[in-house]
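Read the figures in this text as sums done on the coordinates, not as results from a lab. As the structure is a prediction and not an experimental result, all values here were calculated from the model. Here the Cβ positions follow ideal geometry from the backbone for every residue, glycine too, while neighbour counts run over all protein chains shown.
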Amino acid sequence: MGRRLALPSFVATLVTTWYGGILGVGEFTYRYGISNWLVFGLPYYLGAALFALLVARLARRSRYYTVPDQLDAAYGRPAALVGAVVIQVLSSPAPYVLMLGVLLQLIFDLPLTPAIVIGAALSMAYSIRGGLRSVVRADAVQFVLMYLGFIVALPLLVVRYGGLGFLKAHLPATHFVWHGGNPPQYIFVWYLIALQTLVEPTFYQRAFAAVDEKVARRGVLISIAFWMLFDFLTTATGLYARALLPHLADPVAAYPALAVEILPPVVRGLFYLGLLATVMSTVDGYTFIGGVNFGRDLLWRWRGDKDESRVNGYVQIGFVVTAIVSILLALFVRSAVDLWHDVGSVGVPALLFPLLASYRPAWRLPPGAAVASMLSGGILSLAWLFSRYFEWTPGYPLGVEPIYPGLLASFLPAVWGLLRRSSEGAKKRPPGGNLGPRPVI
């Protein structure tokens with residue numbers, strides 16, 4: 001976009017792209033009540049605020065195009081390629097392709113597999129053809145629709161059935177407890193997974209495209225306010241779904257079932273549009289990121305072309321690969337919440353320390369330590385994650401979530417690299433006296 005993304009468009013595209021898990025939010029609220037806000041709301045506000053305050057301006061100032069560009073400049077090509085592999089996992093639209101397929105299945109009474117394929121094809125078409133500019137324009141429309149659907153439905157429910165008193169009378173007591181009946185470790189792990197905002201390609205891409213550094217920072221902070229409003233709307237609506245439809249066989253269908261059985265026809269149509277817009281805006285945004293990452297940051301960088309003349313062709317291949325892989329994952333893993341958990345548990349340990357350190361010369365790791373940090377964190381957390389599928393270990397080893405050993409495995413090489421760099425710097429420094437002003441980097 002020629003780095004001309006203005007503040008209103010910045011907010012609209014970031015809000016819609018980052019908030020796509022609407023059926024997962026409905027499912028979690030139906031099961032656990034207001035704890036949805038503490039699991040899928042507050043942690044991500046904090047993570048986004050950290051990005052705005054610590055990273056947004058530095059990212060815009062770098063004038064790079066992608067996260068692997070930043071890693072390449074700081075640590076070299078091997079680190080950039082490893083980072084690109086991790087980004088490919090983080091940017092998979094699979095959870096949202098699954099949700100879109102479920103929505104289409106419920107609305108049009110389709111089998112799930114054709115619904116997933118049709119939804120993915122429709123959502124990805126304009127991002128493939130028009131690039132980021134098309135994604136931003138579509139997001140502006142979808143931004144209006146996603147809020148309109150809930151703003152119309154929620155007041156109707158309040159007027160027809162009553163407010164807080166009605167909900168308290170028809171919901172389990174645990175729906176108004178902060179943990180919703182979940183163990184504290186489960187709640188806390190989402191606060192670590194929410195650190196994904198600090199390595200999330202959606203945030204970096206919008207910051208790189210912003211008009212200036214102020215837009216990059218202010219845009220994220222304003223987006224947090226919109227996410228808070230939308231979380232209030234979605235959580236309250238989910239509570240009504242649980243109160244009015246207490247015996248749903250599948251809580252994933254909480255919002256669509258509410259639309260079919262409770263809402264009148266016109267409101268039902270607007271509510272469906274809001275659900276579809278929320279999911280489709282995320283599918284197209286992540287498809288674009290995944291396609292660019294695969295074509296430019298993996299294929300082009302791995303081939304070592306002398307110029308970027310073939311990048312657009314590689315990116316088109318990347319769109320197709322991203323679409324096919326996301327459809328297969330959506331068919332294999334039938335829980336969007338599980339996909340969020342698993343992707344964040346691997347991506348955050350792999351990228352968090354090396355990427356954040358790359359923006360500060362004083363913290364920057366030696367290239368070998370950066371690669372070791374990414375590989376050890378990502379591989380250990382992935383192995384820990386897959387261990388739950390083996391019969392000899394019910395659940396995770398020692399009952400510990402994968403993100404904890406992954407962060408530790410990533411942190412140790414990073415610390416070792418900084419200590420080694422500090423030690424080598426001390427050996428090279430001449431003894432005594434003031435060495436003069438530090439060079440500006």
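With only Lys, Arg, Asp and Glu charged, each at its Cβ (+1 for the first two, -1 for the last two), find how big the charge dipole of region 57-143 is about the Cα centre; round to the nearest 20 debye.
Around 520 debye, computed over region 57-143.
Can you give the extra length, in nm with one decimal, that the chain gains between Lys214 and Glu261 once fully stretched, where that is 0.36 nm per residue apart less the Cα-Cα distance?
Numbers: separation 47, 0.36 × 47 = 16.92 nm, distance 4.62 nm.
Net length gain for the segment: 12.3 nm.
Taking just the alpha carbons, could you work out the radius of gyration and Dmax for region 1-144, both in angstroms?
Cα radius of gyration and Dmax of region 1-144 are 17.7, 51 Å respectively.
So how do Met1, Met99, Met146 line up by other beta-carbon neighbours within 10 Å, fewest first?
Met1, Met146, Met99
Along the charge dipole of region 7-333, pointing to its positive end and built from +1/-1 on Cβ of Lys, Arg, Asp and Glu, which listed residue (Leu198, Tyr240, Val117) has its Cα farthest out?
Farthest along the dipole direction, towards plus: Leu198.
How high is the FRET efficiency between Leu122 and Ala6 when r is their beta carbon distance and R₀ equals 30 Å, given to the nearest 0.05?
After rounding, the FRET efficiency stands at 0.60.
Suppose the chain between Leu248 and Trp363 were pulled fully straight at 0.36 nm per residue; how much longer would it get relative to their current alpha carbon spacing? Before the final figure, lay out each step's value.
Numbers: separation 115, 0.36 × 115 = 41.40 nm, distance 5.16 nm.
So the extension gain works out to 36.2 nm.
Using Cα pairs under 8 angstrom and six or more residues apart, how large is the relative contact order of region 92-219, in percent?
Relative contact order, region 92-219: 10 percent.
Normalising by the residue count of the chain, find the relative contact order in percent from Cα pairs under 8 Å and 6+ residues apart.
29
Starting from the Cα-Cα distance between Leu42 and Leu331, subtract it from 0.36 nm times their residue separation and give me the gain in nm to one decimal.
Length gained, Leu42 through Leu331: 101.1 nm.
Kyte-Doolittle cut-off 0.5, length cut-off 20 Å along the helix's own axis using Cα: show which whole DSSP H helices in the chain pass.
Those that pass (Cα extent of 20 Å or more, hydropathy at least 0.5) are 94-108, 112-161, 213-244, 265-292, 311-332, 336-357, 367-386.
Using only alpha carbons, build the gyration tensor for the chain and give me the equivalent ellipsoid semi-axes, biggest first, whole Å.
For the chain, the ellipsoid semi-axes come out as 39, 25, 21 Å.
So what's the net charge close to Ile193: Lys and Arg +1, Asp and Glu -1, counting the other residues with Cβ under 15 Å from its Cβ?
Around Ile193, the charge tally is -4.
Cα centroids of region 350-417 and region 222-241: how far apart, whole angstrom?
33
If each residue's Cβ is checked for other Cβ atoms within 10 Å, how do Trp384, Trp302 rank with the fewest at the top?
Trp302, Trp384
Given labels modelled 7 Å from the Cα in the Cβ direction, how far is it in nm from Asp305 to Gln185?
Output for this residue pair reads 4.8 nm.
Could you calculate the FRET efficiency of Leu164 with Arg77 from 1/(1 + (r/R0)^6), where r is the beta carbon distance between them and R0 is 41 Å, rounded to 0.05?
0.10
Could I have the simple spin-label model distance between Val144 and Ser387, label points 7 Å from Cα toward Cβ, reported in nm to one decimal?
5.2
Determine, for His170, His175, His341, the number of other Cβ atoms within 10 Å of each Cβ, and report the residues in order from fewest to most.
Values: His170 16, His175 23, His341 19.
Going from least to most buried by this count: His170, His341, His175.
Per residue Cα convex hull volume for region 237-289, in cubic angstrom?
On the way: hull volume 4.2 nm³, N = 53.
It is 79 Å³ per residue.
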